[in-house]
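Have a look at the structure below before the remarks.
Coordinate-derived values only; no laboratory data. Remember, predicted model here, so these are calculated numbers, not experimental data. When we count neighbours, we look across all protein chains shown, and the Cβ atoms used for this are built from the backbone with ideal geometry, even at glycine.
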Amino acid sequence: MAAVIASPGEEDPQDGGWPCPSPMSNFVLWREYATCPRMVAPAVADTFWSTESLLDYHSEFVTLRTPSQELTRRQLQLTLLVNNRHRGTARRGLIVSGPPGAGKSTNLLELGRSFERGERAKRPGIADYLPVAFAAIPPSCTPKGLVMEFARFLGIPVHDRMTESTLTDAVCGVMVQRRTRLVFIDDVHLLNTRTGPGAGSADQVKALAERIPATFVLAGVDVETSALLTGPRGAQIAARFKILRTAPMLNGTSDQKQAWRKLLGGMEQALRLRNHQPGTLVRNADLIHLRTGGVMASVFALVREAAICSVLDGTLAVTRRLLAEVVLDSQATNAARARRRHQDPS
C-alpha cells in the first residue's frame, strides 16, 4: 500500500505537535479520511524531507494488509452480497475478534475506507450519502449511551432531556435517509449481557441491525470468550454473526516465515531514511518477532520508534541495535521474556 505523505509540522519536534483526532469520531473527519487519496511518499533523496517532515511521516507511517485483514475483506464482500437483497430483519454480520493490539480497529478503518471509496465512485455527486457509520462501545455502556455514540458520529444534536427512544429514532432515521450500508461497532467485548445495562445494550445492537438496512461488523477483544455471546441474547447474536479471528502473525512454518518477511519488506520499502541499509528488517525478522510476538500494534510501534530515534540522533538508519533497544509496551515485553525462557530455560 502506498505511503501517505505527512505535512511538515510547525511545532517543536520534541513536543510531538497536536494529535490527530480519530476519523471514526464523526462523519466529517471520516469523509475526509476516506476520500483523501494516498500519495506515494517522495524518494529518500528528495528535498521535501526536513527533520520535521521525517518525524511526521514516520509517526503516521503506512498501513499494510495482513493475511487476517485479507480474510476479513473477502468475508465482508460475501456478507454484503448475501445481504444485498435480503428483505427480512435477520441480516448476516461479522465479528472481528482477537487479542489486544492485533489490528482490529485498523482492520475496520481499512475495510470502511475501501467500501466508502467504492460506493462514492459508483454514486458520484450525492452530497448527503453516508455509506459507512462508526461507533465504539463506551465504558459501562447503556442502550442510550450506545445510540448517543452514533448520534455524535452522525452530527445529531444531543441534549440531556432526549429519551433513548427519541435518540434511537433519530439515529435510525438519519442512517436510512443517508443510505448507510455498513455499520462498524468497536469494543463490543465491553458489553456484558449478564448485567442489566449490558443486556439492554446488546438488545439495542440487535434492534439497530433490524431497523437499519445495513451490514453490521462488530469488533472486540477475544469476543468469542466474552460475556457478549452468553445466554439467550448472546445466542441470538451468535446465530447471525460469523466470528473472524485476527491473530498475531506467526514465524514458524515456511509459509508463515514468508508472510512475516513479506510484511517486514513492505514496511522497509516505506521507510524514508537516507542511510538505511535495505534488507535490515528482513534480516532481523526473528528478532522482531521475538520482541513483538507478531502483534501488529507492537510491530509498527517498534519500527516507527526506531525510525524516529534514527531521525533524532541523525543516523537516519534503522539498525539491529535500535530494534533491540526500543522500549515496547508491557504486553510485548512480558511475552518476549516468556518466549526467551521457553527457548532457554536456564
- Sorted peptide list for 73-85, 118-130, criterion being average Cβ within 10 angstrom, highest first: 73-85, 118-130
- Message: I'd like the trypsin sites (Lys or Arg not before Pro) in region 149-251 restricted to DSSP loop residues with at most 10 other Cβ atoms within 10 Å, sorted by number.
- Response: Arg161
- Helix 296-313 sits at what angle to the longest principal axis of the chain, using alpha carbons and giving 0 to 90 degrees rounded to 10? 40 degrees
- Task: Please determine, in degrees from 0 to 90 and to the nearest 10, the orientation of helix 196-211 with respect to the longest principal axis defined by the Cα atoms of the chain, where the helix direction is its Cα long axis.
- Result: 80 degrees
- Task: Sort all Cα-Cα distances of region 67-245 into consecutive 10 angstrom bins from zero, then give the percent of pairs in each bin up to the one containing the longest distance.
- Result: 10, 39, 39, 12, 1
- Message: I need to check one value: relative contact order of region 159-264, counting alpha carbon pairs closer than 8 Å and at least 6 residues apart, in percent.
- Response: 26 percent
- Query: Just how many % of Cα pairs in the chain lie over 35 Å apart, if you round to the nearest whole percent?
  - Reply: 30 percent
- May I ask you to evaluate 6.51 cos²θ - 1.76 cosθ + 1.60, the Karplus curve with θ = phi - 60°, for each residue of region 52-63 and list the ³J(HN,Hα) values in order in whole Hz, giving x for glycine and proline? 5, 5, 5, 5, 4, 4, 6, 6, 6, 6, 10, 10
- Packing-based ranking, highest mean first, of 166-174, 131-139 given that Cβ atoms within 10 Å are counted: 131-139, 166-174
- Calculate the dipole size of the chain relative to its Cα centre from +1 charges on Lys and Arg beta carbons and -1 charges on Asp and Glu beta carbons; express the result in debye to the nearest 20. 1640 debye
- Place a +1 charge on the Cβ of each Lys and Arg in region 67-245 and a -1 charge on the Cβ of each Asp and Glu, then give the dipole magnitude about the Cα centre in debye, rounded to the nearest 20. 700 debye
- Note on the structure: Straight-line reach check, Lys242, cutoff 24 Å on alpha carbons, 8 or more apart in-chain or any other chain, hits among lysines -> Lys104, Lys206
- What angle, in degrees between 0 and 90 and rounded to the nearest 10, separates the Cα long axis of helix 231-240 from the longest principal axis of the Cα atoms of the chain? 70 degrees
- Place a +1 charge on the Cβ of each Lys and Arg in region 31-105 and a -1 charge on the Cβ of each Asp and Glu, then give the dipole magnitude about the Cα centre in debye, rounded to the nearest 20. 940 debye
- Note on the structure: Reduced to Cα centres, the span from region 281-324 to region 103-178 in Å works out to 36 Å
